[in-house]
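In what follows, a single structure is set out as structure tokens and then discussed.
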Amino acid sequence: MQRVLFVSPGYPSEMPRFVRGLAEIGAEVLGVGDQPPALLAEDVRRSLSGYLRVRSLWEEEAVVRAVATWLGDRSVDRVECLWEPAMILAAQIREAVGAPGLSVERTIPFRNKERMKQALDAAGIRTPRHAAARGAAEVREAAERIGFPIIVKPIAGAGSADTYRVESMRELETVEPRVEHLDEVSVEEFVDGEEYTFDTIAVAGVPVFHNVAWYRPRPLVARSNEWISPQVVALRDPDQACLAGGVAMGRAVLAALGFESGFTHMEWYLKADGEVVFGEIGGRPPGAHQVDQMNFSCDIDVFRGWAEAVCFGRFTHEVHRLFNVANVYKRAQGQGSIERVEGLERFRQRHRDALVWENLLPVGARRRNWRQTLVSDGFVVVRHPDLEATLAIADEFGSEVRLFAN
Ligand SMILES: Nc1ncnc2c1ncn2[C@@H]1O[C@H](COP(=O)(O)OP(=O)(O)O)[C@@H](O)[C@H]1O
Ligand SMILES: [Mg+2]
């Protein structure tokens, strides 16, 4: 039996599904997290053989020591973490308990966007021209060298937070105060194009399952315009010719970074002239229910598939891609709590077969912060074998269904 130490089994909200996947394939799962055990969902508690509550996951040294003491002479076969900010901690635990998997040194390029691009440059992979910069003078110098337009963003950010497209030196002056609170930023050539993911479950660095999703529109645009209902569309045919450059890059990136076994989530850009440019990669799955989306695309259980891959080095689900699947996230109009919903009944009636999950905030619920969570005020998942039809249904939800808050 495999004994797996799982960092933060209860948070974020998708972690319980992975924990359950591990339990279902027969692994013994030990959890470590900073949530009180009483706050863990019922099915997480049932899936865990033990849980160590620590004061804070960010006191890394203390956590590593506490875990070692707690384990005593029990050995662990895997240390798993699918939450980006705790990945270095997981690597430290791995090193301390002698478990296989990514070391701290191997994890850093999955977190630090400069180290990531340096490693990929060395492997000949096309990254945006880039520089790391501390302070206004270094940012300006980087901008001059790279050439406008540029992107200025956190060196280890997420969710497009504190990310700015800057057209000129003059505009840079207005952005400087807004990034002042960041110790270090990544300055990049702005790459114009469509934006896709390349997501994998890998075993020993080689994908055993992969998924390509298309962002509509690009995440930075979606995060800058509240009226947009952003879409992430898992493509039924990730192996079509026009995506081949991104898929090949994705495989090369895993090899260049020495990834081992687990989930990966890469983003890449496809320019109008066909050039493929690397975006970023995380050693974890995408969020915002995009793993569920993979399940809806193939009617398999990707959570369990992941568990099998990390524990036994295999992926036994047969993958038949049946559908394009769109997650469409909704932002209400107005502030406060959801007051009414318009157009939903008609949408349900028109797309009964395509609509596989409806998860909008109910009337009376307080609005979520749409800048902090892509999930925003809820979402629907729609699917169809044909891509054009999928996009049309997703667009219809975006424009015809409206939530109003007050
Ligand atoms: N060099 C770039 N060129 C064009 N757009 C970019 C660039 N870097 C970031 N962006 C935009 O900002 C978004 C967030 O940047 P990303 O590097 O993916 O960080 P995060 O970890 O916040 O997702 C991207 O999805 C893309 O839309
Ligand atoms: Mg990103």
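The values are calculated or read from the model by the stated rules, or taken from the named source; none is laboratory data. These numbers come from a predicted model, not from an experiment. Counting neighbours? That spans all protein chains shown, and the Cβs are built from the backbone with ideal geometry, glycine included.
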Qualifying positions in segment 128-145 - within 9 Å of ligand 1 (Cβ to nearest atom) and either closer than 30 Å to VAL375 by Cβ or not in a loop (DSSP other than H, G, I, E, B) (or both) = PRO128, HIS130
request  = Identify all residues within segment 378-392 that are of a type outside the set (Lys, Arg) and either surrounded by 20 or more Cβ atoms within 10 Å (Cβ to Cβ) or outside the structural domain of ASN327 (by TED's automatic domain parsing) (or both); write none if there are none.
outcome  = GLY378, PHE379, VAL380, VAL381, VAL382, HIS384, THR390
ask   = Of the numbered conditions (1) more than 16 Å from ligand 2 (Cβ to nearest atom); (2) surrounded by 15 or more Cβ atoms within 10 Å (Cβ to Cβ), GLU105 satisfies every one except a single condition; which is it?
value = (2)
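Output yes when any residue across segment 233-244 is within 16 Å of ligand 1 (Cβ to nearest atom) and not aromatic (Phe, Trp, Tyr), and no when none is.
Yes, segment 233-244 has at least one match.
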task = Looking only at segment 223-233, decide whether some residue is at pLDDT 95 or above, surrounded by 19 or more Cβ atoms within 10 Å (Cβ to Cβ), closer than 27 Å to GLY378 by Cα and under 13 Å from the mean Cα position of the chain (by Cα).
result = yes
query = Can you name the condition, by its number, that PRO207 falls short on among (1) within 18 Å of the chain's Cα centre (by Cα); (2) surrounded by 16 or more Cβ atoms within 10 Å (Cβ to Cβ); (3) within 16 Å of ligand 2 (Cβ to nearest atom)?
reply = (3)
task = Pull up segment 134-164, narrow it to residues that are basic (Lys, Arg) and more than 22 Å from ILE281 (Cβ to Cβ), then point me to the one that is surrounded by the most Cβ atoms within 10 Å (Cβ to Cβ).
result = ARG140
Top-ranked residue in segment 208-232 [being hydrophobic (A, V, I, L, M, F, W, C) and free of Cβ contacts under 8 Å to residues at least 40 places away in the same chain; ranked as farthest from ligand 1 (Cβ to nearest atom)] = VAL212
inquiry  = As an exercise: evaluate PRO238 against (1) away from ligand 2 (no atom under 16 Å from the Cβ); (2) closer than 24 Å to SER13 by Cα and give the number of the one condition it does not meet.
reply    = (2)
note = Here the residues within segment 146-178 that are touching an Asp or Glu at 6+ places or on another chain (Cβ under 6 Å) and assigned to a helix (DSSP H, G or I) are ILE146
request  = Could you please let me know if LEU355 is of a type in the set (A, V, I, L, M, F, W, C) and in contact with an Asp or Glu (Cβ under 7 Å, 6 or more places away or on another chain)?
outcome  = no
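Would it be correct to say that ALA90 is within 28 Å of ASP301 (Cα to Cα), in contact with a helix residue (DSSP H, G or I) (Cβ under 6 Å, 6 or more places away or on another chain) and surrounded by 16 or more Cβ atoms within 10 Å (Cβ to Cβ)? Quick ask: steps written out before the conclusion?
On the way: within 28 Å of ASP301 (Cα to Cα): yes; in contact with a helix residue (DSSP H, G or I) (Cβ under 6 Å, 6 or more places away or on another chain): no; surrounded by 16 or more Cβ atoms within 10 Å (Cβ to Cβ): yes.
No.
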request  = Go through the residues of segment 261-281 one by one and say whether even a single one is crowded, with 21+ Cβ neighbours inside 10 Å, aromatic (Phe, Trp, Tyr) and in a loop (DSSP other than H, G, I, E, B).
outcome  = no
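Just the residues that are touching a Phe, Trp or Tyr at 6+ places or on another chain (Cβ under 8 Å) and buried (at least 20 other Cβ atoms within 10 Å of the Cβ), please, taken from segment 7-16.
Passing the criteria: VAL7, SER8, PRO9, MET15.
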